[in-house]
Amino acid sequence: MGGGEFPLPGMGLSAVMGWLAQYVFAMLRIGAFLLASPAFGGRFVPLQVRIAATAVLALPVMAGGVALPAPAELAGLSALAMVMTELALGLVAGLVLALMFGAASLAGDRIAATAGLGFAAQYDPAAGGQTPVVAQLFGLVLIMVFFSLDGHLVAIRIVLESYVAVPPGSAPDLPALVSAGIVAGGRMFALGAAVMLPVVSVLLLLNLAVGVLTRSAPTINIFSFGFPVTMTVTLVLLYLTVPGLVVALEGVVREALEMLAGVLTRG
């Protein structure tokens, strides 16, 4: 039975089980991607929703004429290597997207640390721990930009098209996958620095000015004077830089999608 054929009524149990094995195999890459990607695999997304989304998204793969391994191949020990390959492709694609999205959280965390707002932290279900509120705000803005640009639809289309570029069961280019992860990590720090640079630069100059002022007038309490000024300036800067922040995050989304396409097309 080919990968693009659906079972007909009256088929034997062995044929139905073979089709189900192919169906589950087709779900592996998509499921791994949804599990690792930031927009789809967050802890705020129920597990049942992710399983249902994986099952639905695997239907075009089954109906699109994609060449899937035969049921006999999936029943042997050789299928273990193919299963690990599919999981690796999906996980690497999702982690590349997650690393690129980490630029927003990195920028927000550094801004909070520079402004002295690191103590203003709360539990982040996506990160699984305490993170500064500014970092969470930047992450939410990035998710909003991602969905407003239909980035989720583009990401899903790229994953589905990868079944043609890298057929299920074929050996991927492992050095290319490792290189993609390293490049994504480097770009995360570069993009995070670009996003936080306007605010952090002004805060650095402000801290230098406060330091000079307290040095020239030792009677001034730096905590009672510098801290309120720093927080006020930080909030004003965050308000004024919102348009530029959105533009910068749009660039992050576009570069993340381009890198995702490069990972899945090179395989």
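The C-beta contact set for segment 159-171 (first residue modelled with pLDDT of 85 or more, second residue aromatic (F, W, Y) and part of a helix (DSSP H, G or I), distance under 8 angstrom, 6+ apart or interchain) comprises V159/F33.
The residues of segment 199-239 that are touching a helix residue (DSSP H, G or I) at 6+ places or on another chain (Cβ under 9 Å), modelled with pLDDT of 85 or more and over 17 Å from G118 (Cβ atoms) amount to a single one, V202.
Matching residues to (1) over 30 Å from A21 (Cβ atoms); (2) surrounded by 14 or more Cβ atoms within 10 Å (Cβ to Cβ):
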site: D173; (1), (2): no, no
site: A184; (1), (2): yes, yes
site: R187; (1), (2): yes, yes
site: V199; (1), (2): yes, yes
site: L206; (1), (2): yes, yes
site: S216; (1), (2): yes, no
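Being out of contact with any Pro (no Cβ under 7 Å at 6 or more places or on another chain), under 18 Å from R110 (Cβ atoms) and part of a helix (DSSP H, G or I) holds for only one residue in L257, L237, and it is L237.
Scanning segment 41-69 for residues that are in contact (Cβ under 8 Å) with a residue 60 or more places away in the chain and either farther than 26 Å from V253 by Cα or among the aliphatic types (A, V, I, L, M) (or both) yields L57, V61, G64, G65, V66, A67, L68, P69.
Kindly establish whether A75 is in contact (Cβ under 8 Å) with a residue 40 or more places away in the chain, of a type outside the set (S, T, Y) and surrounded by fewer than 17 Cβ atoms within 10 Å (Cβ to Cβ). Before the answer, list the steps.
Values: in contact (Cβ under 8 Å) with a residue 40 or more places away in the chain: yes; of a type outside the set (S, T, Y): yes; surrounded by fewer than 17 Cβ atoms within 10 Å (Cβ to Cβ): yes.
Answer is yes for this residue.
Could you check, for segment 82-98, whether at least one of its residues is farther than 30 Å from A194 by Cβ, crowded, with 18+ Cβ neighbours inside 10 Å and of a type in the set (V, I, T)? Spell out how you get there, then give the answer.
Initial filter on segment 82-98 (farther than 30 Å from A194 by Cβ): 82-88.
Still in the list and also crowded, with 18+ Cβ neighbours inside 10 Å: 82, 85-86.
In the following step, the residues that additionally are of a type in the set (V, I, T) were identified as 85.
Checked against the condition, which is being farther than 30 Å from A194 by Cβ, crowded, with 18+ Cβ neighbours inside 10 Å and of a type in the set (V, I, T), segment 82-98 yields at least one hit.
The listed residues are S78, S105, and the only one of them that is under 18 Å from A21 (Cβ atoms) and among the small types (G, A, S) turns out to be S78.
The values are calculated or read from the model by the stated rules, or taken from the named source; none is laboratory data. Since the structure is predicted, the reported quantities are computational estimates derived from the model, not experimental observations. Quick reminder, even Gly has a Cβ in these numbers, built from the backbone with ideal geometry, and neighbours come from all protein chains shown.
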